[in-house]
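> Below is the structure I would like to discuss, written out as structure tokens.
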Amino acid sequence: MALGRFLLKRGIQGVLVVWGVVTAVFLLRFITPGDPVTFVAPLDASAELRAQIAAELGLDQPLYVQYADYIVGLLQGDMGYSYLRGTEASTIVLARVPATVELAVAATVVAVVIAIPLGVISATRRRDPADYGATLFSLVGISTPNFWLGIMLILVLSVQLDIFPTSRRPIGFFETFAFLVTVENGFAAPMNVGAFLDGLRTWLWHIALPAVTLGTYFTALVTRLTRSGMIEELGQPYVRAARAKGLPESLIQYKHALQNTLIPIVTVLGLQLGTLIGGAVITEAVFAWPGLGTLVIDSINVRDWPLIQGSLIVIGTGFVLINIFVDALYAYLNPRVVH
């Protein structure tokens, strides 16, 4: 019952935050220099044509009418129409979401796989070379700008050594599963495992450098968090009691101490995943990754406001949903937070 009230409260807060994001994004078009009609109308457009375009865009209506129409449209799944691309904004925006999610999740996986073992080693070997090495790695990772790291990885591993590709991925993660689940004439076709493995290999080859670039800062952060949490847990009375009982040190470290350390780490992982989704703009631009980040940059350059607004709303909504999920998971792991 307490958990239900807790999640209801978080859900209401999430709805209010999303409404605030939508409002801010809507007003952004009116406080930004430049007339949207200028980027839609031909260069030699007459005043009558410009007025007609403004009417089609709804720009001739009062601000509150435009705001109400925009909210109603969003509730119906309508993000507007991109006149520059000649299609619905929602179609373009939602098509870019999988690539951004793939990159954010891959960066998180890279961070977890590297950071947690490194943090445990650093905490259990304090003042050893391994501890100093992990601390140095964390400082370098936090201090290194993503765009610079991405460019260096491309220059060294792609241009000089020709190990990894630099172009955008030819196939997405979800698209690779189409080779396993195909339907022909209403019936399931035989699985093409070979094509699936080739597609998965290609996807991994293209996402490796962007994931490492985006996940480096995250890796350093989780390493420091794991180290500090492990050091604190290893000094608790229950650890000394477990050692007095003769339990193996590895069991004490990984089953008891690390398990208690994971609670704040899970919270940070969820929050950082939302941050990665919104913060992948620079990394996507460096690697020409076909996600929301590159879409936002391209749309800003041509003032395609429906795409800009739709992308920002999707990013903000995704961040809110991830936060709610993390709160629910944290409440499940630690029921005391709901009381």
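> Residue check, Tyr238 against (1) farther than 24 Å from His206 by Cα; (2) touching a residue at least 40 places away in the same chain (Cβ under 8 Å); (3) among the hydroxyl-bearing types (Ser, Thr, Tyr), all met but one. Which one?
Result: Tyr238 fails condition (2) only.
> State which residue is least open to solvent (accessible area, probe 1.4 Å) when the search covers only segment 230-251 and only residues that are in a helix (DSSP H, G or I) and closer than 16 Å to Gly119 by Cβ. Full working, then the answer.
Looking only at segment 230-251, we keep the residues that are in a helix (DSSP H, G or I), and these are 230-234, 237-244, 249-251.
Keeping just the survivors that are closer than 16 Å to Gly119 by Cβ gives 230-234, 250.
Values: Met230: 0, Ile231: 44, Glu232: 117, Glu233: 34, Leu234: 29, Ser250: 72 Å².
Restricting to residues being in a helix (DSSP H, G or I) and closer than 16 Å to Gly119 by Cβ, the top hit is Met230.
> Further, regarding this structure: Give the residues of segment 233-278 that are more than 30 Å from Gln309 (Cα to Cα) and hydroxyl-bearing (Ser, Thr, Tyr), sorted by residue number. Before the answer, list the steps.
Step one: list which residues in segment 233-278 are more than 30 Å from Gln309 (Cα to Cα), which gives 233-266.
Within segment 233-278, Tyr238, Ser250, Tyr254, Thr261 meet the criteria.
> On to the next question. Does segment 152-172 hold any residues that are within 14 Å of Ala288 (Cβ to Cβ), among the hydrophobic types (A, V, I, L, M, F, W, C) and loosely packed, with under 15 Cβ neighbours inside 10 Å, and which are they?
none
> Of the residues Leu276, Leu262, which single one is at pLDDT below 85, in a helix (DSSP H, G or I) and surrounded by fewer than 24 Cβ atoms within 10 Å (Cβ to Cβ)?
On the way: Leu276 fails: surrounded by fewer than 24 Cβ atoms within 10 Å (Cβ to Cβ).
Of Leu276, Leu262, the one residue that is at pLDDT below 85, in a helix (DSSP H, G or I) and surrounded by fewer than 24 Cβ atoms within 10 Å (Cβ to Cβ) is Leu262.
> Going through segment 307-339 one residue at a time, which ones are modelled with pLDDT of 85 or more, open to solvent by 20 Å² or more (accessible area, probe 1.4 Å) and either over 15 Å from Leu94 (Cα atoms) or not in a helix (DSSP H, G or I) (or both)?
Leu321
> With the structure loaded, tell me whether Ala106 is without any contact (Cβ under 8 Å) to a residue 40 or more places away in the chain and assigned to a helix (DSSP H, G or I) or whether it fails that test.
Working: without any contact (Cβ under 8 Å) to a residue 40 or more places away in the chain: no; assigned to a helix (DSSP H, G or I): yes.
The answer is no for Ala106.
> Let me ask something additional. What number of residues within segment 210-229 satisfy the criterion of being of a type outside the set (Ser, Thr, Tyr) and open to solvent by 10 Å² or more (accessible area, probe 1.4 Å)? Break it down stepwise before answering.
Taking segment 210-229 first, the residues of a type outside the set (Ser, Thr, Tyr) are 210-212, 214-215, 218, 220-222, 224-225, 227, 229.
Restricting the remaining residues to those that are open to solvent by 10 Å² or more (accessible area, probe 1.4 Å) gives 212, 221, 224-225, 227, 229.
The number of residues fulfilling the criteria is 6.
> Could you please tell me which pairs satisfy a Cβ distance under 8 Å, a separation of 6+ or placement on different chains, a first residue in segment 67-84 that is touching a residue at least 60 places away in the same chain (Cβ under 8 Å), and a second residue that is open to solvent by 50 Å² or more (accessible area, probe 1.4 Å) and of a type outside the set (A, V, I, L, M)?
Filtered contacts from segment 67-84: Met79/Glu88; Gly80/Glu88; Tyr81/Glu88; Ser82/Glu88; Leu84/Phe39.
> Examine segment 98-108 for a residue that is open to solvent by 40 Å² or more (accessible area, probe 1.4 Å), under 30 Å from Val37 (Cα atoms) and among the hydrophobic types (A, V, I, L, M, F, W, C), and state whether such a residue exists. Spell out how you get there, then give the answer.
Step one: list which residues in segment 98-108 are open to solvent by 40 Å² or more (accessible area, probe 1.4 Å), which gives 98, 101, 105.
Subsequent filtering for residues that are under 30 Å from Val37 (Cα atoms) retains none.
No, because not a single residue in segment 98-108 is open to solvent by 40 Å² or more (accessible area, probe 1.4 Å), under 30 Å from Val37 (Cα atoms) and among the hydrophobic types (A, V, I, L, M, F, W, C).
> Looking only at segment 69-103, how many residues end up being touching a strand residue (DSSP E or B) at 6+ places or on another chain (Cβ under 9 Å) and not in a helix (DSSP H, G or I)?
Result for segment 69-103: 7.
The values are calculated or read from the model by the stated rules, or taken from the named source; none is laboratory data. Worth saying up front: this structure is predicted, and the values here are computed from it rather than measured. When we count neighbours, we look across all protein chains shown, and the Cβ atoms used for this are built from the backbone with ideal geometry, even at glycine. Side chains are part of the model used for accessible areas, which takes the heavy atoms of the whole protein and leaves out ligands, DNA and RNA. Shrake-Rupley method; radii C 1.70, N 1.55, O 1.52, S 1.80 Å.
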